[in-house]
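Written below as C-alpha cells is the structure these notes are about.
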Amino acid sequence: MNSREFREGLKDGIPICLGYLAVSFAFGIQALKAGIGVFDATLISLTNVTSAGQFAGLGVIASSGSYGEMAMVQSIINLRYALMSAAVSQKLTGVSIPKRLLMAHGMTDEIFGISIARKQLSPFYTYGAMLISIFGWVFGTFLGASAGQILPERLINALGVALYGMFIAIVVPVAKQNRKILISSLLACALSAVCAVTPVLKDISGGLRIILVTVLVAGGAAALFPFSAETEG
Amino acid sequence: MDRSLYGYMLVMAGVTYLIRVLPLTLIRKEIKNPFIRSFLNYVPYVTLSAMTFPAILTATGNVYSGLAALLIALFLAVRGKGLITVAIGACAVVFIVELITKGFL
C-alpha cells in the first residue's frame, strides 16, 4: 500500500520535476551572476525548495541586506506555504509527527497541489512526489550554475510552462464539477491579472500578490459561499 | 562582507522550514469552524489560479506561445486528460509556436 502510494507520487511528480528543472536552471544561472558558486547554489536549492523565495533571497544577498531583512522577505513571500500546510494538515488524521516533519520540507505550490487533490492523502504519496521533484529542483540548479547554456533557450521556454499546465490540470476537473470553485478560480485569475497591470499594485512582489489574491478571494468566497469538501467534493 | 553566505542560507532555510512545519505539526485537530474550513477548501484552487494567470502569458519567449499553452492546457484538462498529458501538451505547443513565430517576431 505504502509503496504503491510512493510510486504514484513519483509518477505524478514527473511533470513537476520537468518544470522545476527549467525554473531552477534559471535560478542556477542567476545565482552564478550574484557571485554564488555551484556548490552553494545547489545547497540553497536543497535546503529551501522555493522558487520566488530563493530568487528574492539572491536579491538580499547581492545587496548585502541584513539577516532581519532576509527573514522578513522569506516570511512574506513564503507565507502561502503556511496556508497550504494548514490545508494539508486537515487531510492527515492520525499521521505521526516525524512524518509531518519530513512532509513539511516538500510543501511547495506544486507538491501541495497534487497532494491536496488526493481523496485520501498518504504521506508516502507526498514523499514520492518530493523525491523526484526535489531531485529536479536541485539537479536543475546544479546544471544552470555549472554549465550556463546547456539547453537552447527555446527548450527552456517550453519546459517553463509544464508547471502551469499542471496547475490547470488540477483546477479544471474540480471547477467543472463545482460552480463555487469555478467562480472563485476565475475571480482569482481576474484579480491576479488586475494586480499585474495596475500601477503601484504591479510593483508588489509575485509572492505577496498571490497572498493578497488568495486571502481576498478565498476569504470572500468562504464568507459568502461556505462549502465543505466532504459534502460537495 | 560582514555577513557570511552561510548565515544568509541558514536564515533562508530556517524561516522557510518554520513557515511550512508549524501549521503541519500544530494544527493537528480537525478544524470545526465552518469559515476556516471553507477558506482552506478554497485556498488551493484560488492560489493555483492566481499563480497560473497571468504568469503563463509571460513565462515563454513571447505572449503567443504562452497564450497557446494556456488554451491547449485548458482544452486538454476540460477533456479530462491527466497531469502529465496536459503538461506535455502545453510544453509541446510552446515549442512549436516559437518555432513558427521565430522567423517574423
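Sticking with the crude label model, points 7 Å out along Cα→Cβ, report the distance from A:LYS33 to A:ARG154 in nm, one decimal please.
2.3
Which distance in nm do the two modelled labels at A:LYS99 and A:LEU186 give, with both placed 7 Å along the Cα-to-Cβ direction?
In this crude label model, A:LYS99 to A:LEU186 measures out at 3.9 nm.
Name all residues of segment A:20-51 having a backbone nitrogen under 17 Å from the label point set 7 Å from the Cα of A:SER64 along its Cα→Cβ direction, giving them as ranges.
Label zone hits: A:34-36.
I'd like the trypsin sites (Lys or Arg not before Pro) in segment A:90-132 restricted to DSSP loop residues with at most 11 other Cβ atoms within 10 Å, sorted by number.
Counting only loop positions with at most 11 other Cβ atoms within 10 Å, the trypsin sites (Lys or Arg not before Pro) in segment A:90-132 are A:LYS119.
Given R₀ = 51 Å, FRET efficiency for B:ARG3-B:LEU67 by Cβ-Cβ distance, to 0.05?
E(calc), rounded to 0.05, equals 0.75.
My understanding is that a pair violates if its Cα-Cα distance is over 26 Å; which of A:LYS11/A:LYS119; A:LYS176/B:LYS102; A:LYS119/B:LYS32 do that in this structure?
A:LYS176/B:LYS102
How many angstrom separate the Cα center of segment A:73-93 from the Cα center of segment B:47-89?
Their Cα centres are 25 Å away from one another.
Can you work out the base-10 log of I(q)/I(0) for segment A:11-80 at q = 0.11, 0.12, 0.28 1/Å, using the Debye formula on its C-alpha atoms alone?
-0.28, -0.33, -1.33
Counting other beta carbons within 10 Å of each Cβ, put A:MET107, A:MET72 in order, fewest first.
A:MET72, A:MET107
May I ask you to compute the full-extension gain from B:ASN33 to B:VAL78, defined as 0.36 nm times their residue separation minus their alpha-carbon distance, rounded to one decimal in nm?
Details: separation 45, 0.36 × 45 = 16.20 nm, distance 3.30 nm.
Extending this stretch completely gives an extra 12.9 nm.
Each reported figure results from applying straightforward, stated rules to the coordinates on display, with no laboratory input. Everything numeric in this text was worked out from a predicted model, so none of it was measured. All Cβ positions, glycine included, derive from the backbone under ideal geometry; neighbour counts span all protein chains shown.
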